[in-house]
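The values are calculated or read from the model by the stated rules, or taken from the named source; none is laboratory data. Remember, it's a predicted structure, so these values are computed and weren't measured experimentally. All Cβ positions, even for glycine, are placed from backbone atoms using ideal geometry, and neighbour counts span all protein chains on display.
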Amino acid sequence: MSASTETLVPFDDVLAAYDPALGLEVHVELNTATKMFCGCSTIFGAEPNTQVCPTCLGLPGAMPVVNAKAVESAIRIGLALNCSIAEWCRFARKNYFYPDMPKNFQTSQYDEPIAFDGWMDVEVDGETFRVEIERAHMEEDTGKSTHIGGATGRIHGADYSLVDYNRAGIPLIEIVTKPIVGAGEKAPEVARAYVQQLRDLIVALGVSEARMDQGNLRADVNLSLSPKGSGVLGTRTETKNVNSFRSVERAVRFEMQRHAAILGAGASILQETRHWHEDTGITTSGREKSDAEDYRYFPEPDLVPVAPSREWVEELRATLPENPTQKRARLQAEWGFSDLEMRDTIGAGALGLVEETVAAGCAPQAARKWWLSELARRANDTGVEIAELGVTPAQVAAVQALVEGGSINDKLARQVFDGLLAGEGTPEEIVAARGLAIVSDEGALSAAVDAAIAANPDVAEKIRDGKVAAAGALIGAVMKEMRGQADAGRVRELIIEKLT
Ligand SMILES: [Zn+2]
């Protein structure tokens, strides 16, 4: 089977023969101050194994207690995803051995999730796909293993391994979709848009930092193919921990092409987990996927059931942020964006960024322009999401304010962004330190115009003859002389004044 993975089927050929079915499992690490079942701190970056206690280390006799704030966040996520909220549910033990899991079972939820049967509408290129949510359940994170001595940080070839249990027991919400069918050629984009919109929703709820690059939000991507029109779901593979929006899209595309190659060769798909490789854009075999019965789930005997009152659920419903679909429509109207401009903004994952930039005082079109051109390009060059580029909406608004105030132009603004990415200070400081401010000093401009006229007598002659359009060449010469920092409008006026 590995031979067939090397000859991928062209994407269009996959679609001619098969219907893709997606499934997404997203883990969201909550931003509660304490862990899911104990009072240990959740602050990131502490010395290894300093934020642990008998409960999260799974020592005999330790008794867990449910974190009420985590339950509240879980219910708010469930409500925002249009789910029903369980009147009564329990935790379950998911039994398996892994060194970073000190209890040898994970406290999770199995057949009684806190939230179930919801949906989220996902927009791709102006089309809406309804993604059905099967469940959102509460569980705890594992610790973290570090393998020392191997070439790539993997366990293979390592001399020894270290484990840090600070993360063990941090609250997680796992959000699982039902199979997403009918997306066809848009399947990779629907997967990406779903994760993107889910992240926006989580951020709006304020329940997690939701940074994919820091593992607060992790996506597992399930994919299967069925013969076109058959309606029968095929065997699926699960690509684990895909850590950017772009990679979600790429992983779906790759797995579609790989599945088609295997099925086309008459072989069958192995139900397994797969690893995503960001650098090469491929997946490789992980472990054979366990069925639910292998985990020997049983109800957690040390925790009381969770039975949120209907009054509490309704109180929490009242705290939900604006529904994303209505919000998009409202923003489009407020900003005066065309459908295409709005689609591009959403597609680039820049909706929230533009919103914050406008809130910081920037004109909507200018905010859109900077994020979708200059900053999107830089993010693409460095392979990060624009939200994680390191430039803030307030800084973009400040750069635009300098442009509108006439201190810099668009071209010089690009150098200010260079400075921001290099950590050189505020936009104003960068303009001063790099000497970027536009020269509008009359004497300096007049001298530069005279020099340009003297150096280009033929052009000057054309303008004297009434061919004012030729002024562009002289403006260009002045701008070049003044390293792009001349006030172009005033230069034009001076040329016309001097020659006509
Ligand atoms: Zn603890």
Log entry, pairs with first residue in region 360-383 being at positive phi and modelled with pLDDT of 95 or more, second being part of a helix (DSSP H, G or I) and not basic (K, R), beta carbons closer than 8 Å, six or more apart or on different chains, reads G361/A397; G361/A401
Please enumerate the residues belonging to region 215-233 that are over 25 Å from F245 (Cβ atoms) and either surrounded by 19 or more Cβ atoms within 10 Å (Cβ to Cβ) or not small (G, A, S) (or both). P227, K228, V232, L233
Pairs please, first residue from region 198-220 and closer than 18 Å to A379 by Cβ, second anywhere and among the β-branched types (V, I, T) and surrounded by fewer than 21 Cβ atoms within 10 Å (Cβ to Cβ), Cβ atoms under 9 Å, 6+ apart in sequence or on different chains. A210/V203; D213/V384
If we ask which residues in region 410-456 are outside any helix (DSSP H, G or I) and either touching a Leu at 6+ places or on another chain (Cβ under 9 Å) or modelled with pLDDT of 90 or more (or both), their number turns out to be 10
Determine which single condition S407 fails, assuming it passes every other condition in (1) outside any helix (DSSP H, G or I); (2) surrounded by fewer than 16 Cβ atoms within 10 Å (Cβ to Cβ); (3) touching a helix residue (DSSP H, G or I) at 6+ places or on another chain (Cβ under 9 Å); (4) of a type in the set (G, A, S). (2)
Going by the structure shown, is V221 part of a helix (DSSP H, G or I), under 28 Å from the mean Cα position of the chain (by Cα), modelled with pLDDT of 95 or more and at negative phi? no
Restricting attention to region 171-205, which residues are touching a strand residue (DSSP E or B) at 6+ places or on another chain (Cβ under 6 Å) and either within 16 Å of the ligand (Cβ to nearest atom) or among the β-branched types (V, I, T) (or both)? L172, I173, I175, V176, T177, I180, V181, V190, V195, I202
Could you please find all residues in region 47-57 being more than 10 Å from the ligand (Cβ to nearest atom) and surrounded by fewer than 14 Cβ atoms within 10 Å (Cβ to Cβ)? E47, T50
Of the numbered conditions (1) closer than 17 Å to Y295 by Cα; (2) more than 14 Å from the ligand (Cβ to nearest atom), F116 fails exactly one; give the number of that condition. (1)
C56 versus (1) within 29 Å of V203 (Cα to Cα); (2) touching a Lys or Arg at 6+ places or on another chain (Cβ under 7 Å); (3) modelled with pLDDT under 95: which is the lone unmet condition? (3)
Among (1) more than 22 Å from Y297 (Cβ to Cβ); (2) within 13 Å of the ligand (Cβ to nearest atom); (3) surrounded by fewer than 22 Cβ atoms within 10 Å (Cβ to Cβ); (4) not aliphatic (A, V, I, L, M), which single condition is G61 missing? (2)
Using the structure shown, decide if V304 is more than 27 Å from Q197 (Cβ to Cβ) and either of a type in the set (A, V, I, L, M, F, W, C) or at pLDDT 90 or above (or both). yes
Does at least one position in region 387-396 carry a residue that is part of a helix (DSSP H, G or I) and modelled with pLDDT under 95? yes
Report whether or not M101 is out of contact with any Lys or Arg (no Cβ under 7 Å at 6 or more places or on another chain), within 30 Å of R328 (Cβ to Cβ) and in contact (Cβ under 8 Å) with a residue 12 or more places away in the chain. no
Confirm whether E25 is within 28 Å of Y194 (Cα to Cα), away from the ligand (no atom under 16 Å from the Cβ) and assigned to a loop (DSSP other than H, G, I, E, B). no
Working only within region 37-87, note down all residues that are hydrophobic (A, V, I, L, M, F, W, C), under 30 Å from E314 (Cα atoms) and under 25 Å from the mean Cα position of the chain (by Cα). A70, V71, A74, I75, I77, L79, A80, L81, C83
Scan region 45-57 and report the pairs whose first residue is on the phi > 0 side of the Ramachandran plot and whose second residue is more than 7 Å from the ligand (Cβ to nearest atom) and acidic (D, E), with Cβ atoms within less than 8 Å and a gap of 6+ or a chain change. N49/D164
Which ones in region 32-46 are assigned to a loop (DSSP other than H, G, I, E, B), surrounded by 13 or more Cβ atoms within 10 Å (Cβ to Cβ) and touching a Ser or Thr at 6+ places or on another chain (Cβ under 8 Å)? T32, K35, M36, F37, C38, C40, T42
Given the condition surrounded by fewer than 21 Cβ atoms within 10 Å (Cβ to Cβ), under 26 Å from the mean Cα position of the chain (by Cα), farther than 30 Å from T32 by Cβ and among the aliphatic types (A, V, I, L, M), answer yes or no: does some residue in region 168-187 qualify? yes
On the given criteria, is A70 within 16 Å of the ligand (Cβ to nearest atom), of a type in the set (G, A, S) and at pLDDT 95 or above? yes
